[in-house]
Amino acid sequence: MLKLDAISFAYSDSPVLSGVDLSLTAGTIGALIGPSGCGKTTLLRIIAGLEIPQSGQLAIGDQTVVGDGIYIAAEKRKVGMVFQSYALFPHMTVQANIEFPIQRLPVQERQTRVKELLSLVQLTGQEKRYPHQLSGGQQQRVAIARALAQQPDILLMDEPLSNLDAKLRDQLGQDLKKLLKSLGITTLIVTHDQHEAWQLADEIGVMFDGNIAQWGTFDNLTQHPSSPKIRQFVMANSTCDICGQIVADTHSHAQMLNKPTA
Amino acid sequence: MIVSKKLAIRMIQTGLAIFIAGPLLYLLLYWWTLDVPLWQHIIENQFFPLIRNSIILLVGVGFGTSVLGVGLAWLTYRYRFTGSAFLTGALILPLAIPAYVQGFIYLGILDVSGPFQTYLRAMWPDVGFINARHPFGVIWVMSWVLYPYVYLLTRQAFSKLDRSQIEVARLAGFSKRRIFFKLIFPMIRPGWLAGLTLVWMETLADFGTVSLFGFSTFTTAIYKTWFDFYSLATAAQLSSLLMLVAFLLLWWEKRSESHIRHDSNSTPWAAQRLTGKHRFLVSLVCWTALGTALIVPVIQLVYWSFQAPAHTLQTLIDPFWNSVLLAVMAAGVITVFAYIQSLINYRRTDPVLDRLVPLTKLGYALPGTVVAVSTLLWFSHIETFLSDWLHIEVYLTGTVLGLLLAYLIRFFSLASQSLVDSFARMELSVNDAARTLGAGPWKRFRQIVWPLTRPGALAALLLVCTEVIKELPATLLLRPFGWDTLALKVYQWTNEAMWVNAAMPALLLIITGTLPLWLFRPREEKNVKA
Amino acid sequence: MKRIPYFLALTTLASGLFAAPLVVYSERSEQLIKPLLDRYTEVTGIDVQVLTDNAAPLVARLQAEGKRTPADILITVDAGNLWQASQSGMLASIDSDILEARVPDYLQDPDNQWFALTVRARTIVYHTDRVKPEQLSTYEALADPEWKGRLCLRTSKKVYNQSLVGSLINRLGEDNARAVVDGWVNNLATAPQSSDTVAMEALLAGQCDVTLVNTYYLGRMQKNDPTLPLAIYWPNQETSGVHINVSGAGVTRHSKQPEAAQAFLEWMVSDEAQQIYASLDMEFPVVDGVALDPIVSAWGPFKPDTRPVYKAGEFQRQAVMLMDTAGYR
């Protein structure tokens, strides 16, 4: 569904990404983790079409969007993106925000779609409110509904849980995963928080200095880290206190999710 | 194709900067020749006392406008009292009064031959003569016309304060005073500085007010070398020094610009409804301020108007319409250009272009006549170039088009300053989000960028309107024949020291300038605690 | 007032396209010149347009416009400004018998680039309650210690005072002129005023007893209130005569209709024009035999200083520097 081939990117003189390969099959939730400045957000923006890579190929679905002399602008790609700050339009109601990408549809159809999306994200009845009247969690759900409105092929999420209340984060993370799975949408998440990645993703990539150092499932990464650096990053610097223990005990992914965190 | 788009943006931006800063940079060419005896004379006799005077004026007016501006903004933001809703808006209206008009009104009232001192001497012959033409007088007059810039911009900053931050400090046992200076003041600092920069630029540029008070500043020296020594070159050299000061000022202001992004989720701080003694005191302070800045001067002008020959009003109809027409056209043009610049700039992805921005603001800090003449010289070069090389005869000097361009050079800074805030408050990701949602440039502009920045554009439009109505030197030198404005009518009489005859056009000018300000006035917030 | 349609103003100026009006750049305020121009249009049918500003910006504009200038005539006040304009090369020499005959030699440019149109006298005005005319004699005598704390002066930034001091330098030499200015500064009752009118108001208020003004400023005040306790004293009658200055005009170098411009100047010194012009602001006509405003004739006759007025321009820079060093602000 998503295929990146040797994507390279640099700001005027400093390289950010150097030949990134990545592929995600339909319906998978992938996550990219890595320290800040490793280029993961840039990669997300390249997939969305907000940055133009200097070289490499990028395909979404069956369509090549970058490469072979082809370049398809962000506006024309069927990609939904949820920004870290949600980037809701502050002067528009919830309804207008969600309708924004589908204004061309007939009124009837549009309203039905908004209703469906709102009930999907459990915000039924909030159509007339403005973003500043909503809580952080509600804002995030509006952002997701808006990103889904145009029925994108893939969904990109930048630090989906980092702006949320720490207490609610776990619960909302579970809700989010359930939602994404029920939609069956291919999703790529970017986060600096390993715990978030363990919780949400099927497959995880660890990024260092503009490259994906290792890509695999949770078990893969914890049991067979390809370098000491990855082992160190996967285990340390985590908000998940018991992860180290999990690694040691080689517990399964599912088991971990069922265990309450400290 | 993508590269060429970036190039095009750079070219537009650079072109705009060159066009606006061009005439001013042109002044630098005058350093080719140096009138050594004149420079020697200036340095020996004027230079340092005048610099000292300019510094006194900057410090004094800076202090005066800060106390008035921040103080009044605080009172109208924090408290509700008799007339507070009206005062919140009305306190910016003194901006409609040209500083030199305020100057001759206050001199008319307070000078030795004015009613105030005449009365004093009649009652107590011993008081003698009090010198009203004192440095303090200039500071007084200029503070009362310029404080609205500080008031306006600090008040905007106040209204974005977050109650919870203050509550945290209060719970931590901070005193009220400490909360203000350690917590609130740092948060409103960017607004205060932006206002102060405008005040200082106007102060540097002023010539009319200081000469009424016989207070010589650096700007006086510029006029003197040009008008009395007839050395345009030396005047241009002095102006370029002033330009350097202005540039440093703008650079400093830009550096200390806010990096605090205001959280749209912040809880507003409820104002307090005052009662009893406090209500009386705060009302008294605010009404006295408005009285001093606006009501007393207007009453004096009305009084003089009745003494003036009766035919005056009729001769003001055409100038009135000219003022309005020029103001509306200029405000439109300037706002569009400033808006384009802000639009290109707000992503701040191009540090080279970012550095061009202060250049486009210099026109506001130079004496009006200097701007007018450098614009004139600039135009004549453009005209000659077009005529000699492209065989196109274009007349800019003495046409409305030329006049509008001169206003653009002079007031661009004011318009872009007004736009900065609303662009800064627009999150970049909002635009990116719209792109990923399939919106093309036009849809993004129409539905996202424009609605979010419209208040800033409107502010720029109205503020420039008022300034153009007040503008004199460029209008005087570059206007088409017969295009008298109200400011010109005022000048015609004040030039001959005939204040009484100047009163009616001045009054009409103030009323005209007040209208856009009233539309744009700050409004009282709705949150009130009993 | 007629307003040029704005689309016209946007595209081009009138010059050369249709029946060309005369274009005047004037330092003289519009209300003090417009009635005269209107009268010219009435008499000749030639339209006259006027642009007012200070002399220096107007000359700068002439220089910037060069050959493309729409201006035909430059009118300024004060000979110093006229001299500067001729120095800038922006005026043309005029060969006119009428102007030569009607304007006295000392009131014109030696190279005939400009001619005076009115004469203004800068003289002593005193408070009649506190000063006897016998106490007064010359400009120089105001430097005497007996006037300590009794003198008011307008700022040295006004060209009228620069010309006056220039004439002192011309007449007495720089050292003596400096002594006079030093004496004046010493005698000042208060910091120099921003205008002649304000200085006279200080006299009325009692702050000082004597000042130097152009007569028409007093004329304006007397017109409002004839009973003012202020009077004119004509100084230096035994010696050099009253310092005079002029308002004057020249034809611009790049005028496209120099003949018409010259004809306008010639009309300006006709009896009719002189009478209108001088009475507009209570000045003195440059020609003899024109009826004076009653207020002006009440001041009586005086002997003017007949040294060529253009000398004021030559000495202007020196005069300003002298006043600066003497601390006359």
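The values are calculated or read from the model by the stated rules, or taken from the named source; none is laboratory data. All values reported here derive from a predicted model rather than from experimental measurement. Methodologically, a virtual Cβ is constructed for each residue, glycine included, from the backbone with ideal geometry; neighbour enumeration extends over all protein chains shown. With ligands, DNA and RNA removed, areas are computed over all heavy atoms of the protein, side chains included. Shrake-Rupley method; radii C 1.70, N 1.55, O 1.52, S 1.80 Å.
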### Task
With the checklist (1) at pLDDT below 85; (2) within 24 Å of residue B:85 (Cα to Cα); (3) open to solvent by 10 Å² or more (accessible area, probe 1.4 Å) in hand, flag the one item residue B:182 doesn't pass.
(2)
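In this structure, does residue A:131 turn out to be facing chain B (nearest Cβ under 10 Å), crowded, with 18+ Cβ neighbours inside 10 Å and in contact with a Gly (Cβ under 8 Å, 6 or more places away or on another chain)?
No: the conditions fail for residue A:131.
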### Message
Of everything in the stretch B:500-529, what is within 12 Å of another protein chain (Cβ to nearest Cβ) and surrounded by fewer than 24 Cβ atoms within 10 Å (Cβ to Cβ)? Give them in sequence order.
### Response
B:500, B:501
#### Entry: Elements of type helices (runs of 4 or more DSSP H) contained in the stretch B:314-414, each with 2 or more residues being within 14 Å of chain C (Cβ to nearest Cβ) and open to solvent by less than 10 Å² (accessible area, probe 1.4 Å)
B:317-345, B:368-389
### Query
Considering only strands (runs of 3 or more DSSP E) fully contained in the stretch C:208-283, which possess at least 3 residues that are within 24 Å of residue C:23 (Cβ to Cβ)?
C:243-252
## Note on the structure
Selection from the stretch A:210-223 of residues at pLDDT below 85 and open to solvent by 30 Å² or more (accessible area, probe 1.4 Å) yields A:219, A:220, A:223
### Task
Can you work out which of the residues in the stretch A:1-25 that are exposed (fewer than 14 other Cβ atoms within 10 Å of the Cβ) and outside any strand (DSSP E or B) is modelled with the highest pLDDT?
A:25
### Query
Taking the stretch C:62-91 as the region of interest, how many residues are free of Cβ contacts under 8 Å to residues at least 60 places away in the same chain and touching a Ser or Thr at 6+ places or on another chain (Cβ under 7 Å)?
3
#### Entry: Complete set of residues in the stretch C:162-213 that are within 21 Å of the chain's Cα centre (by Cα), open to solvent by 10 Å² or more (accessible area, probe 1.4 Å) and of a type in the set (S, T, N, Q)
C:167, C:170, C:194, C:197
### Query
Name the residues in the stretch C:48-60 that are assigned to a helix (DSSP H, G or I) and either hydroxyl-bearing (Ser, Thr, Tyr) or touching a strand residue (DSSP E or B) at 6+ places or on another chain (Cβ under 7 Å) (or both), would you?
C:55, C:58
### Task
Go through the stretch B:33-49 and count every residue that is touching a residue at least 60 places away in the same chain (Cβ under 8 Å) and either assigned to a helix (DSSP H, G or I) or within 14 Å of chain C (Cβ to nearest Cβ) (or both).
7
### Query
Tally time: how many residues in the stretch A:87-120 are outside any helix (DSSP H, G or I) and closer than 13 Å to residue B:434 by Cβ?
7
## Note on the structure
Exactly one of C:34, C:67, C:2 is modelled with pLDDT under 95 and buried (at least 17 other Cβ atoms within 10 Å of the Cβ), and that residue is C:34
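Based on this model, can you work out whether residue C:62 counts as touching a Lys or Arg at 6+ places or on another chain (Cβ under 9 Å) and more than 7 Å from chain B (Cβ to nearest Cβ)?
Criteria met by residue C:62.
Please find, within the stretch B:27-44, the residue that is nearest to residue B:250 (Cα to Cα) out of those that are of a type outside the set (A, V, I, L, M, F, W, C) and buried (at least 17 other Cβ atoms within 10 Å of the Cβ).
B:30
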### Task
Keeping to the stretch C:240-268, report how many residues are without any contact (Cβ under 8 Å) to a residue 40 or more places away in the chain and open to solvent by less than 20 Å² (accessible area, probe 1.4 Å).
0
### Message
Out of everything in the stretch B:212-221 that is away from chain C (no Cβ under 11 Å) and not in a loop (DSSP other than H, G, I, E, B), what residue ends up being surrounded by the fewest Cβ atoms within 10 Å (Cβ to Cβ)?
### Response
B:218
### Message
Against the condition open to solvent by less than 40 Å² (accessible area, probe 1.4 Å), at pLDDT below 95 and not hydroxyl-bearing (Ser, Thr, Tyr), how does residue C:120 come out, does it pass?
### Response
yes
### Query
How many of the residues making up the stretch B:459-501 are part of a helix (DSSP H, G or I) and either polar (S, T, N, Q) or more than 20 Å from the chain's Cα centre (by Cα) (or both)?
11
### Task
Hey, can you tell me all the residues within the stretch A:43-70 that are open to solvent by 40 Å² or more (accessible area, probe 1.4 Å), within 12 Å of chain B (Cβ to nearest Cβ) and of a type in the set (D, E, K, R)?
A:45
### Summary
The residue from A:81, A:92 that alone is facing another protein chain (nearest Cβ under 10 Å), open to solvent by less than 40 Å² (accessible area, probe 1.4 Å) and under 29 Å from residue A:209 (Cβ atoms) is A:81
### Query
Which residues, taken from the stretch A:190-235, are more than 15 Å from residue A:40 (Cα to Cα), β-branched (Val, Ile, Thr) and out of contact with any Asp or Glu (no Cβ under 7 Å at 6 or more places or on another chain)?
A:222, A:230, A:234
### Task
For residues that are more than 14 Å from every other protein chain (Cβ to nearest Cβ) and open to solvent by less than 30 Å² (accessible area, probe 1.4 Å), tally how many sit in the stretch C:300-329.
3
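Name the helices (runs of 4 or more DSSP H) wholly within the stretch B:53-144 that hold at least 1 residues that are more than 12 Å from chain C (Cβ to nearest Cβ), out of contact with any helix residue (DSSP H, G or I) (no Cβ under 8 Å at 6 or more places or on another chain) and in contact (Cβ under 8 Å) with a residue 40 or more places away in the chain?
Result: B:84-90.
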### Message
Here is a list: B:425, B:435. Which entry is within 14 Å of chain A (Cβ to nearest Cβ) and either in contact (Cβ under 8 Å) with a residue 12 or more places away in the chain or within 25 Å of the chain's Cα centre (by Cα) (or both)?
### Response
B:425
### Task
Could you please give the count of residues in the stretch B:439-461 that are open to solvent by less than 20 Å² (accessible area, probe 1.4 Å) and either touching a residue at least 60 places away in the same chain (Cβ under 8 Å) or more than 11 Å from every other protein chain (Cβ to nearest Cβ) (or both)?
6
### Query
Got a sec? Which of A:99, A:116 is within 21 Å of residue A:79 (Cα to Cα), open to solvent by 70 Å² or more (accessible area, probe 1.4 Å) and under 25 Å from the mean Cα position of the chain (by Cα)?
A:116
### Message
With the structure loaded, tell me whether residue A:75 is under 20 Å from residue B:5 (Cα atoms), within 12 Å of another protein chain (Cβ to nearest Cβ), not aliphatic (A, V, I, L, M) and not in a loop (DSSP other than H, G, I, E, B) or whether it fails that test.
### Response
yes
